[in-house]
Amino acid sequence: MRMTLCPLFSGSSGNSIFLSCGGVRLLVDAGMSAAREEAALREIGVDVRELDGVLVTHEHVDHVRGLGVLCRKYGLPVYANEGTWQGILEKESGIPARCVRTFYTGEDFYIGGVDVRPFAIPHDANEPVGFAFSCQGMRCGVATDIGHISSGWMDAVSGCQALVLEANHDVEMVERGPYPQRLRRRILGRNGHLCNADCAKALLELAKKGTRAVSLAHLSADNNLPELAYNTVCEALSGAGYAVGSDISVTVARRDRVSDMLILEGEEADAV
Ligand SMILES: [Zn+2]
Ligand SMILES: [Zn+2]
């Protein structure tokens with residue numbers, strides 16, 4: 001049995017992650033157009049009709065853009081908490097009632113044999129969450145759009161062997177960059193996005209608890225570079241004695257194309 005986590009798109013232009021385990025196939029967010037979501041899934045050999053549902057982290061457009069069309073076209077069940085549903089339905093009124101599923105933040109629920117744990121994250125949306133998934137002794141998680149490190153979400157993803165974790169920006173690039181002051185404050189604020197250095201710091205703690213594969217995600221196009229995020233995280237891990245590539249694999253999720261998969265088999269985690 002394997003658990004697969006595959007970022008299809010990652011960044012402010014659209015986010016979507018495919019997860020499969022034990023015959024269950026899910027999307028976390030559908031932030032690109034339905035056509036692009038379908039094409040990306042096809043690329044990894046998945047027909048959108050085989051999905052068991054879409055889980056939504058929060059209502060920002062880069063996480064829900066394709067949702068309405070996917071629902072209307074395929075009747076996919078969509079799982080979100082009440083706050084997120086409110087946010088979605090304010091902008092997208094055409095979601096058929098039969099597609100609506102509501103979960104409670106902090107309460108596990110099952111989709112087939114996959115235990116889903118939605119956990120609260122600090123971000124400027126109605127009721128934003130990340131997800132931890134457990135299936136047959138394997139555990140993986142998705143945590144992006146996080147303003148700062150907090151024990152709440154760190155505890156929730158602790159023990160995840162594979163993780164999609166935000167490395168949004170380099171603080172210096174934001175401070176020197178072209179963004180207006182208001183936007184800079186939002187990104188750097190406690191409910192904005194996680195910077196490379198904090199991602200590295202979080203990952204050092206999580207590696208101690210068993211994280212063996214990570215995909216750095218939701219990179220800013222203007223305030224980060226894939227190499228910079230990668231090097232910041234790898235230097236921190238190496239400095240703490242981890243051999244990157246064997247103790248822990250690190251990859252970077254791409255903005256507009258399918259990225260490396262994280263695959264768990266029993267206790268093993270590798271990026272391929
Ligand atoms: Zn957001
Ligand atoms: Zn986002």
Worksheet item: Has the stretch 240-251 got at least one residue that is at positive phi and either surrounded by fewer than 18 Cβ atoms within 10 Å (Cβ to Cβ) or touching a residue at least 60 places away in the same chain (Cβ under 8 Å) (or both)?
Response: yes
Worksheet entry | Selection count where residues are free of Cβ contacts under 8 Å to residues at least 60 places away in the same chain, surrounded by fewer than 23 Cβ atoms within 10 Å (Cβ to Cβ) and within 15 Å of ligand 1 (Cβ to nearest atom), scope the stretch 120-146 | 1
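Determine whether T57 is over 28 Å from A167 (Cβ atoms), polar (S, T, N, Q) and touching a helix residue (DSSP H, G or I) at 6+ places or on another chain (Cβ under 8 Å). So that I can check it myself, show each step before the final result.
Working: over 28 Å from A167 (Cβ atoms): no; polar (S, T, N, Q): yes; touching a helix residue (DSSP H, G or I) at 6+ places or on another chain (Cβ under 8 Å): yes.
No.
How many residues are under 29 Å from W153 (Cα atoms), in a helix (DSSP H, G or I) and away from ligand 2 (no atom under 16 Å from the Cβ) when one looks only at the stretch 39-69? If you could, list the steps in order and put the result at the bottom.
Going residue by residue through the stretch 39-69, those that are under 29 Å from W153 (Cα atoms) are 40-41, 51-68.
Remaining after also requiring in a helix (DSSP H, G or I): 40-41, 61-64, 67-68.
Within this subset, residues satisfying the condition of being away from ligand 2 (no atom under 16 Å from the Cβ) are 40-41, 68.
The total comes to 3.
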Discussion item. Residues that are within 16 Å of ligand 1 (Cβ to nearest atom) and either in contact (Cβ under 8 Å) with a residue 40 or more places away in the chain or over 24 Å from V252 (Cβ atoms) (or both): does the stretch 151-163 have at least one?
Written reply: no
Item to complete: Kindly check whether there is at least one residue in the stretch 158-168 that is farther than 21 Å from F18 by Cα and either surrounded by fewer than 15 Cβ atoms within 10 Å (Cβ to Cβ) or within 16 Å of ligand 2 (Cβ to nearest atom) (or both).
Response: no
Item to complete: Please name all residue pairs, on different chains or six or more residues apart, with Cβ atoms under 7 Å, provided the first residue is in the stretch 216-236 and is under 17 Å from N15 (Cβ atoms) and the second residue is of a type in the set (D, E, K, R) and away from ligand 2 (no atom under 16 Å from the Cβ).
Response: N223/D170; N224/D170
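Working carefully through the options D260, D222, D256, find the one that is acidic (D, E), surrounded by fewer than 20 Cβ atoms within 10 Å (Cβ to Cβ) and more than 16 Å from A167 (Cβ to Cβ).
Numbers: D260 fails: more than 16 Å from A167 (Cβ to Cβ); D222 fails: more than 16 Å from A167 (Cβ to Cβ).
Testing whether each residue is acidic (D, E), surrounded by fewer than 20 Cβ atoms within 10 Å (Cβ to Cβ) and more than 16 Å from A167 (Cβ to Cβ) leaves just D256.
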Response to the item:
Log entry, pairs with first residue in the stretch 187-199 being farther than 15 Å from P128 by Cβ and touching a residue at least 24 places away in the same chain (Cβ under 8 Å), second being hydroxyl-bearing (S, T, Y) and more than 15 Å from ligand 1 (Cβ to nearest atom), beta carbons closer than 7 Å, six or more apart or on different chains, reads N196/T232; A197/T232
Discussion item. I'm checking my understanding of the structure. Among residues of the stretch 16-30 that are within 15 Å of ligand 1 (Cβ to nearest atom) and over 16 Å from K73 (Cα atoms), which one is surrounded by the most Cβ atoms within 10 Å (Cβ to Cβ)?
Written reply: D29
Practice prompt. Mind checking which strands (runs of 3 or more DSSP E) fall wholly inside the stretch 127-238 and carry at least 1 residues that are charged (D, E, K, R)?
Written response: 138-143, 162-166
Worksheet item: Which residue pairs have Cβ atoms closer than 6 Å, lie 6 or more positions apart in sequence or on different chains, and pair a first residue in the stretch 33-56 that is more than 14 Å from V258 (Cβ to Cβ) with a second residue that is of a type in the set (G, A, S)?
Response: S33/G66; A34/G66; V54/A30; V56/A80
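All of the numbers you see were taken from the coordinates with simple rules; none came from a lab. The shown structure was predicted, so the numbers you read here are calculated from the model rather than taken from an experiment. Note that we place each Cβ from the backbone using ideal geometry, even for glycine, and neighbour counts take in every protein chain shown.
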